[in-house]
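Please treat every number below as a calculation from the coordinates, not as lab data. Note that the structure is a prediction, hence the values are computed from the model and not measured. Note that we place each Cβ from the backbone using ideal geometry, even for glycine, and neighbour counts take in every protein chain shown.
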Amino acid sequence: MTSSDPGRLLWEEHCCLPLDTEASVTELNRYGRRGGAYVSVNVGYSPHSKADALSYLEHFRVGVEADDHLALAETVADIDAAHATGRTVVAFDLEDSGPLEGDLDMVDRFYELGVRALLPTYNLRNAAGSGCLDVVDEGLTDYGRALVARMNEVGMFVDGSHCSTRTGLDLSEASTQPMIYSHSGMRSVWNHERNITDEQALACAETGGVIGLAGVGIFLGPNTATLDALIAQIDYAVDLVGIDHVGLGSDFCFDNEDFTNATITNPELFPEAYTRWGPLTFIEPEELHDLEHALENRGYTDDAITAIFGGNFRRIAGDVWKPVRSRH
């Protein structure tokens, strides 16, 4: 890179801050880099109500606006500006449709507040569909299909992570826009229930979508949070679906201690598949700098690394995201 080159944009499609209204957003600055960064922060999953998710959103938004090094990302233009200036911009995601409380109008409300991705189910079946830990996989429900239609209309990413295989395939069929797997792994590389099948990956790519590969130890191996393990996932995904459909969604937990406690107190959501190796390990945000060099050494071209690190998610955001609709 030349001195005039702004560097490579990092697109982090999913990470987690502590879900409470005392949490600091300062840790998001760990994603800071010369080429700028876009970071999607979770604001709720299946244990949380609509009021919970709205309170987290309000708190995180205020925190981002108060931090001189962070900014809210409402549009793709905000992300392009971050790339040019080296800023870190932040939007949000929901890991379950439960916080909608059955009200599809809340898709519009959450989108207005910066939620740019939503996955219908978190591990177990709900009103929208089946989860990856369900013994019986019944796929997407009629409500789930109506949810997808509303998300397409509003401009929100349809996200298949944590969903069952059939639900994920149904999402690919139901969505008229590119869908994503924000933070998943390839099951053919490591056979974990949370990872996706080749069929799911190919169906996602067929929509024009992107698979964000996670840096969670139990999705990479027996709690193996190493760059070599992540690169094995990247290699396989690129060979299967092509360079244009692979990205990063590390699922890094700044609330690791809280999450470990949640796995202990909610065994129905986090069975042995999550806990058998003890506290989860993660690839740290700073290690993503090393990942760039490792991919270069492996023979990936500059264009390919740029696509994986942010270009692919940036491309489909330009296709999917829409201006916030007036509610009047």
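Quick notes
- Relative contact order (percent, whole number), the range 1-119, Cα cutoff 8 Å, 6+ residue spacing: 30 percent
- Simple label model, 7 Å out from Cα along Cβ direction - Asp103 to Ala146, nm: 1.5 nm
- Label-zone membership for the range 241-258, site Thr26, 7 angstrom Cα→C-beta point, backbone N under 20 Å: 253-258
- Computed with the Debye formula from one identical point scatterer per Cα of the range 285-328, without solvent, the log10 of I(q)/I(0) at q = 0.15, 0.20, 0.34 Å⁻¹ comes to -0.51, -0.70, -1.11.
- At 0.692 mPa s and 37 °C, Stokes diffusion of the chain via Kirkwood alpha-carbon radius, µm² per second: 170 µm²/s
- Comparing Cα centroids, the range 239-299 and the range 26-42 end up 16 angstrom apart.
- Computed over the range 1-107, the range of Cα coordinates on each principal axis works out to 51, 27, 17 Å, biggest value leading.
- Once the chain from Thr226 to Arg325 is taken as fully extended at 0.36 nm per residue, the excess over their C-alpha distance is 31.4 nm.
- Spin-label model, Ser188/Thr275: points 7 Å from Cα along the beta carbon direction are separated by 3.4 nm.
- Debye intensity ratio in log₁₀ form over the Cα atoms of the range 99-159, taken at each q of 0.15, 0.17, 0.19, 0.26 Å⁻¹: -0.42, -0.53, -0.65, -1.09
- Restricting the calculation to alpha carbons of the range 189-328 gives Rg and Dmax of 16.6, 54 angstrom.
- Gained length - Ser49 relative to Glu112, 0.36 nm times residue gap less alpha-carbon distance: 20.9 nm
- Among Val189, Val90, Val43, the largest mean-square fluctuation in a Gaussian network model of the chain (Cα springs under 10 Å) belongs to Val189.
- Mean separation of Cα contacts under 8 Å (6+ apart) over length of the range 93-158, as relative contact order %: 31 percent
- Note on the range 43-197: the alpha carbon radius of gyration divided by the globular reference 2.2 N^0.38 Å gives 1.06.
- Computed FRET value (nearest 0.05) for Asp78 with Ala127, which takes r as the C-beta separation and R₀ as 30 Å: 0.35
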